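One structure is given here, and the rest of the page talks about it.
The values are calculated or read from the model by the stated rules, or taken from the named source; none is laboratory data. The structure presented is a predicted model; accordingly, all values stated were derived computationally and were not measured. All Cβ positions, even for glycine, are placed from backbone atoms using ideal geometry, and neighbour counts span all protein chains on display.
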Amino acid sequence: MAKSKYEYVRTFEMEDKCLQNCWIVVRLDGRSFHRFTSSHKFEKPNDKRALELMNRSAVAVMEELQDVSLAYGQSDEYSFVLRKDTNMYNRRQSKIMSAINSIFSASYVHYWSSYFKNIKLLYPPSFDARTVLYPSDQNLRDYLSWRQADTHINNLYNTAFWGLVLMKGLSNNEAEKILCGTVSSEKNEILFKECGTNYNNELPIYRKGTVLVRKLIRIPSSKSKKHVVCPLHVDIIGDDFWKEHDEILNLEK
Ligand code: DGT
Ligand code: MG
Ligand code: MG
Ligand code: MG
Ligand code: MG
């Protein structure tokens, strides 16, 4: 087929191929979710429906894109880890990141009413995205540890803050003053003494976030097995998780 005289514009496209041998991490984060969560009256400090909707949307990404080997989510964010040997979209960064964001955002809207049954979606939620490359397994583990440590720090603070406000009736300012400058053990103690809450009894989905992994499951009443995406609410900072799911770093399928 003859080329049109306009064809040259393609030469303006930029090369954005992700460096070989690197883990590709795409992290999405809800845009202005401070506003979105308050408009839709999300429960404080954690709305289980919202977290489950985030998880459902991330499962949709993993079902659609087989090279996403693991995902980790908390609050209004989700990180997707692609196999370091992936050749999806010829490793083009913008293609990978935009496909993930689009499948996730569309799924969030699509599944909204399954989780927020009587709450109308008032306006379209949206997410920003970034891509980061990690050259070593240790870098990848440190990245995921960083996100899970963030989950812990934020959730402990938020649980204590809203415990003081909603259960003890303190004002936002009073609660903030009490918690200002406290370390983890002190927040645990304040929660226990003032609110009768043992932080360790809070739901694991709140304390640990959600990690999605692919597991080979035997189908009941048949000999065959199939891969399914499983949500786990476990520690991913220590070695146990990586030993139990050694296929993630060893790249076996
Ligand atoms: P951004 O990301 O710069 O566009 O701005 P935001 O407002 O999304 O800020 P971000 O991502 O740092 O913080 C997430 C917001 O979402 C924060 O205001 C708390 C809120 N949020 C997330 N999960 C929940 C939840 O389960 N319940 C409630 N009430 N709020 C939540
Ligand atoms: Mg953000
Ligand atoms: Mg956000
Ligand atoms: Mg966020
Ligand atoms: Mg096309």
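Can you spot a residue in the range 113-132 that is surrounded by fewer than 14 Cβ atoms within 10 Å (Cβ to Cβ), more than 16 Å from ligand 3 (Cβ to nearest atom) and under 14 Å from N55 (Cα atoms)? Yes: the range 113-132 contains one or more residues that are surrounded by fewer than 14 Cβ atoms within 10 Å (Cβ to Cβ), more than 16 Å from ligand 3 (Cβ to nearest atom) and under 14 Å from N55 (Cα atoms).
State yes or no: is F12 of a type in the set (A, V, I, L, M, F, W, C) and either touching a residue at least 24 places away in the same chain (Cβ under 8 Å) or within 16 Å of ligand 2 (Cβ to nearest atom) (or both)? Walk me through how you get there before you give the answer.
On the way: of a type in the set (A, V, I, L, M, F, W, C): yes; either touching a residue at least 24 places away in the same chain (Cβ under 8 Å) or within 16 Å of ligand 2 (Cβ to nearest atom) (or both): no.
So F12 fails the test.
Inside the range 118-127, residues that are over 17 Å from A60 (Cβ atoms) and either within 12 Å of ligand 1 (Cβ to nearest atom) or modelled with pLDDT under 95 (or both) make up a count of 1. Identify all residues within the range 155-182 that are among the acidic types (D, E) and over 26 Å from Q74 (Cα atoms); write none if there are none. The answer is E174, and nothing else.
Given the options S105, S113, S79, name the one that is out of contact with any strand residue (DSSP E or B) (no Cβ under 8 Å at 6 or more places or on another chain) and either closer than 21 Å to V211 by Cα or of a type outside the set (F, W, Y) (or both). After ruling out the rest, the residue left standing is S113.
From R92, R35, which residue is more than 12 Å from the chain's Cα centre (by Cα), farther than 21 Å from G209 by Cα and within 15 Å of ligand 3 (Cβ to nearest atom)? Give the derivation first.
On the way: R92 fails: within 15 Å of ligand 3 (Cβ to nearest atom).
When all the criteria are applied, what remains is R35.
Every condition in (1) out of contact with any helix residue (DSSP H, G or I) (no Cβ under 8 Å at 6 or more places or on another chain); (2) surrounded by fewer than 16 Cβ atoms within 10 Å (Cβ to Cβ); (3) not in a strand (DSSP E or B) holds for Y143 except the one numbered (2). Residue check: D29 meets all listed conditions (1) closer than 30 Å to E244 by Cα; (2) in contact with a Gly (Cβ under 7 Å, 6 or more places away or on another chain) but one, namely (2). For the range 26-35, the tally of residues that are surrounded by fewer than 19 Cβ atoms within 10 Å (Cβ to Cβ) and more than 9 Å from ligand 2 (Cβ to nearest atom) stands at 2. Scanning the range 185-215 for residues that are small (G, A, S) and out of contact with any helix residue (DSSP H, G or I) (no Cβ under 6 Å at 6 or more places or on another chain) yields a total of 2.
Applying the criterion of being within 16 Å of ligand 2 (Cβ to nearest atom) and hydroxyl-bearing (S, T, Y) to the residues of the range 73-105, the residue that is surrounded by the most Cβ atoms within 10 Å (Cβ to Cβ) is Y78. Does R130 satisfy being over 22 Å from D235 (Cβ atoms), within 16 Å of ligand 1 (Cβ to nearest atom) and either touching a residue at least 12 places away in the same chain (Cβ under 8 Å) or out of contact with any strand residue (DSSP E or B) (no Cβ under 7 Å at 6 or more places or on another chain) (or both)? Spelling it out, R130 is indeed over 22 Å from D235 (Cβ atoms), within 16 Å of ligand 1 (Cβ to nearest atom) and either touching a residue at least 12 places away in the same chain (Cβ under 8 Å) or out of contact with any strand residue (DSSP E or B) (no Cβ under 7 Å at 6 or more places or on another chain) (or both).
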